[in-house]
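K.L.:
Below you'll find the structure I mean.
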Amino acid sequence: MKVLDAEFTQGFIRMANDGWEQGWHERNGGNLSYRMKPEEVDMVKDDLKARDWQPIGTTVPDLAGEFFMVTGSGKFFRNVIIKPEDSFCIIEVDEKGENYRIMWGLVNGGRPTSELPSHLMNHEVKKRVTGGKYRVIYHAHPANTIALTFVLPLTDEAFTRELWEMATECPVVFPDGIGVVPWMVPGGREIAVETSKLMEKYDVAIWAHHGMFAAGEDFDLTFGLMHTVEKSAEILVKTLSMTGTKRQTITPTDFRNLARDFNVTLPERFLFEK
Ligand code: 2HA
Ligand code: ZN
């Protein structure tokens, strides 16, 4: 089967285009990666052709031999739907987890995303902690979430609690909470290490003054997670724009009642008295 005809490729393209339509991918902003299933690799193997090995820039031994679909460095999400072969690629990771090679795509040259170290280190953590269930890592630049990083304290507690409060669905959609990475130079191993530490316990990591990373099982859940966090951030931005203080909100007791009825565990460290 041709890569472009596969269902997972269509899902990848749709998610990238949905992100573009949300306004989260100005210019070449953001990146997306998907850890392919062995049967999906097998399904498209006649359409794959190996290029030279290149260093990843970090080490991901638990991803040895895995194949990923990943957006290209400098490529525009806006173009994914009309020029898929030019916009993203399939890569294979070597048996040491130190190098990758392009197997498909980026037909006009180029490399996988500049955030490849963060994507792969996040995949490595999520593969381990979810027993292989999680397959998608998504980075975008949603404006309301970024705006909050200039106003809220840059702590997991502040972001989790504030975003939980702004929409009742939030504690159910991301019960483990949200992690925050202080401003760091993007693109390298250092920010990848800090982000992947947060991915041990959360599905969402916010990069101060930059954007967000979300992790999930499939395209729908991962896109939906980013969308839910960003919508909650939008409601907080609107509220703070109207008034500095909330007249009423969801209380710690309300959260505990919600957790009981919806069968989720909400860590007590986010339910502090303000
Ligand atoms: O340009 O978003 O973080 C891609 C990015 C880098
Ligand atoms: Zn970015």
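K.L.:
Scanning segment 121-153 for residues that are part of a loop (DSSP other than H, G, I, E, B) and either farther than 26 Å from ASN17 by Cα or without any contact (Cβ under 8 Å) to a residue 24 or more places away in the chain (or both), which turns out nearest to ligand 1 (Cβ to nearest atom)?
P.N.:
PHE150
K.L.:
Out of ASN108, ASN122, I need the residue that is within 16 Å of ligand 2 (Cβ to nearest atom) and polar (S, T, N, Q). Which one?
P.N.:
So the residue among ASN108, ASN122 that is within 16 Å of ligand 2 (Cβ to nearest atom) and polar (S, T, N, Q) is ASN122.
K.L.:
While we're here: Out of segment 244-255, which residues are of a type in the set (D, E, K, R) and either under 15 Å from CYS170 (Cβ atoms) or surrounded by 13 or more Cβ atoms within 10 Å (Cβ to Cβ) (or both)?
P.N.:
Within segment 244-255, LYS246, ASP254 qualify.
K.L.:
What number of residues in segment 174-185 are outside any strand (DSSP E or B), more than 13 Å from ligand 2 (Cβ to nearest atom) and of a type in the set (A, V, I, L, M)?
P.N.:
Counting residues in segment 174-185 that are outside any strand (DSSP E or B), more than 13 Å from ligand 2 (Cβ to nearest atom) and of a type in the set (A, V, I, L, M) gives 1.
K.L.:
Among the numbered criteria (1) crowded, with 18+ Cβ neighbours inside 10 Å; (2) in contact (Cβ under 8 Å) with a residue 40 or more places away in the chain; (3) farther than 24 Å from GLY11 by Cα; (4) more than 13 Å from ligand 1 (Cβ to nearest atom), which single criterion is violated by GLY216?
P.N.:
Of (1) crowded, with 18+ Cβ neighbours inside 10 Å; (2) in contact (Cβ under 8 Å) with a residue 40 or more places away in the chain; (3) farther than 24 Å from GLY11 by Cα; (4) more than 13 Å from ligand 1 (Cβ to nearest atom), only one is false for GLY216: (3).
K.L.:
Working only within segment 40-65, note down all residues that are assigned to a helix (DSSP H, G or I) and over 11 Å from VAL93 (Cα atoms).
P.N.:
Within segment 40-65, GLU40, VAL41, ASP42, MET43, LYS45, ASP46, ASP47 meet the criteria.
K.L.:
Is segment 133-150 home to any residue that is within 26 Å of PRO84 (Cβ to Cβ), buried (at least 22 other Cβ atoms within 10 Å of the Cβ) and of a type in the set (D, E, K, R)?
P.N.:
There is at least one residue in segment 133-150 that is within 26 Å of PRO84 (Cβ to Cβ), buried (at least 22 other Cβ atoms within 10 Å of the Cβ) and of a type in the set (D, E, K, R).
K.L.:
Could you grab me the full set of residues in segment 220-231 that are touching a Phe, Trp or Tyr at 6+ places or on another chain (Cβ under 8 Å) and either surrounded by fewer than 16 Cβ atoms within 10 Å (Cβ to Cβ) or not aliphatic (A, V, I, L, M) (or both)?
P.N.:
THR222, PHE223, THR228, GLU230, listed by residue number.
K.L.:
Tell me which of these THR168 doesn't satisfy, since it passes every other one: (1) outside any loop (DSSP other than H, G, I, E, B); (2) among the β-branched types (Val, Ile, Thr); (3) more than 16 Å from ligand 2 (Cβ to nearest atom).
P.N.:
Checking THR168 against (1) outside any loop (DSSP other than H, G, I, E, B); (2) among the β-branched types (Val, Ile, Thr); (3) more than 16 Å from ligand 2 (Cβ to nearest atom), the one that fails is (1).
K.L.:
Okay, next question. Please find, within segment 75-91, the residue that is surrounded by the most Cβ atoms within 10 Å (Cβ to Cβ) out of those that are within 18 Å of the chain's Cα centre (by Cα) and in a loop (DSSP other than H, G, I, E, B).
P.N.:
The residue in question is LYS75.
K.L.:
Where residues in segment 186-213 are more than 13 Å from ligand 2 (Cβ to nearest atom) and among the aliphatic types (A, V, I, L, M), which of them is surrounded by the most Cβ atoms within 10 Å (Cβ to Cβ)?
P.N.:
VAL204
K.L.:
Yes or no: PHE159 hydrophobic (A, V, I, L, M, F, W, C), away from ligand 1 (no atom under 16 Å from the Cβ) and crowded, with 24+ Cβ neighbours inside 10 Å?
P.N.:
yes
The numbers here are math on the coordinates, done by the rules we state, and not lab data. Predicted, not measured: the structure shown is a model, and the values here were computed from it. Positions of Cβ are generated from backbone atoms using ideal geometry, with glycine treated the same way; all protein chains shown enter the neighbour counts.
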